[in-house]
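Worksheet: one structure, shown below.
A short reminder: the numbers here are calculations on the coordinates, not readings from a lab. The structure presented is a predicted model; accordingly, all values stated were derived computationally and were not measured. Cβ placement follows ideal geometry from the backbone for every residue including glycine, while neighbour counts extend to all protein chains displayed.
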Amino acid sequence: MLIEDRAVAAKTLARVNYYRLSGYWYPFRVKCEDGRADDFYPGTRFDDVVALYEFDAKLRGATFEALMPIELAICTLLGHELGRVDPSAHLDPTLLGPVARRGHAHAKWLRRYNESLRRSREDFVAHHKKKYGGQVPVWAAVEQLDWGSLSRLFEFAPLGVQEAVADACSLRAPQLGSWLKVLNVVRNTCAHHGRFFNRVHAITPKLPAAGLHPDLDAVNADYNRTFGLLTLIQFLLDRLDAGPGDLLPDVVAAYPDVPAIPITHMGAPGEWRGSSRLWNGGQSPEA
């Protein structure tokens with residue numbers, strides 16, 4: 001590996017763990033029968049590795065920020081629709097769907113939920129503890145849920161509730177359920193500083209049938225790669241009207257110029273920005 005300024009490299013390694021940074025130079029290592037050799041491809045530069053690392057940090061931050069308004073919107077929709085069933089629907093599996101009544105999944109979820117109430121310092125939780133003995137109605141309870149617990153509550157919900165929430169996202173219930181799961185993994189990767197830009201994700205989301213959403217079809221992304229999952233975020237921001245859709249496109253556009261590791265390593269098509277209004281500031285590709 002070419003290290004043009006050893007002093008700068010030493011400072012970089014003093015602030016970034018060697019093994020964390022090694023994940024970013026892994027694709028520069030020569031492929032062999034057993035995986036990767038210890039040698040690098042000719043022309044590998046330390047500066048390129050650092051550029052990818054710094055881009056990934058910006059991408060994780062932007063992705064986490066873009067997910068927040070989606071999470072809040074889904075919380076609001078799910079709390080509202082479950083509240084139509086009963087203010088305490090989240091506490092009683094007989095008021096929920098069949099998944100909540102099978103096995104011990106709901107009981108496990110409820111223990112985690114009750115523990116979050118016990119530890120909460122939110123004023124609304126203290127108010128309900130004082131006035132109503134701690135029983136928090138579902139439209140307030142959803143504010144206590146992390147993304148994983150929210151995804152699980154959606155899975156527990158009656159089908160009519162699931163479809164009402166999914167319809168607001170222009171999806172069907174099974175599709176939104178799978179998106180919530182895969183985006184929970186994305187959120188956790190970003191929150192825990194995992195390598196993100198070129199990750200191959202274990203869960204592939206369920207997609208609408210071709211032709212229903214031309215702006216989604218036009219992206220032609222690989223949906224078990226990072227760019228495909230960012231496209232889901234762009235889609236939800238648009239359909240939920242949850243916030244501006246320019247944050248992620250602006251960060252992706254800053255992908256570093258590293259010929260050996262082009263932007264296609266993210267799963268992005270070559271003309272990613274012009275392919276769809278989801279990535280083109282809301283404009284049609286012809287605009």
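Under a Gaussian network description of the chain, with springs only between Cα atoms under 10 Å, the residue in GLY103, GLY35, GLY148 that fluctuates furthest is GLY35. Over all other residues within a Cβ to Cβ distance under 13 Å of GLY79, the charged ones net out to -3, with Lys and Arg as +1 and Asp and Glu as -1. State the label only: which of (1) 16.1; (2) 18.8; (3) 25.2 corresponds to mean projected area of the Cα convex hull in nm² computed from the shown model? For mean projected area of the Cα convex hull in nm², the calculated option is (2).
For LYS31, a cut-off of 18 angstrom between C-alpha atoms picks up these aspartates and glutamates, skipping any fewer than 8 places away in its own chain: ASP39.
For the pair ALA57 and LEU2, label points projected 7 Å from Cα toward Cβ lie 2.4 nm apart. The GluC sites (Glu not before Pro) of the range 1-110 that DSSP puts in a loop, and whose beta carbon has at most 15 other beta carbons within 10 Å, are GLU4, GLU33. Electrostatic bookkeeping for PHE40 treats Lys and Arg as +1 and Asp and Glu as -1; over the other residues with beta carbon under 15 Å from its beta carbon, the sum is -1.
Positive-end ranking of LEU278, TYR19, TYR223 along the dipole of the chain, with charges on Cβ about the Cα centre, is headed by TYR19.
Counting only whole DSSP H helices of the chain, the ones at least 24 Å long by C-alpha along their axis and with mean Kyte-Doolittle hydropathy no lower than 0.5 are 46-85. Per residue of the chain, the DSSP helices (runs of n ≥ 4 H) give a summed -39500 (n - 2.57) that works out to -16500 deg cm²/dmol at 222 nm. Neighbour counting of Cβ atoms within 10 Å sorts the residues THR76, THR94, fewest neighbours leading, into THR94, THR76.
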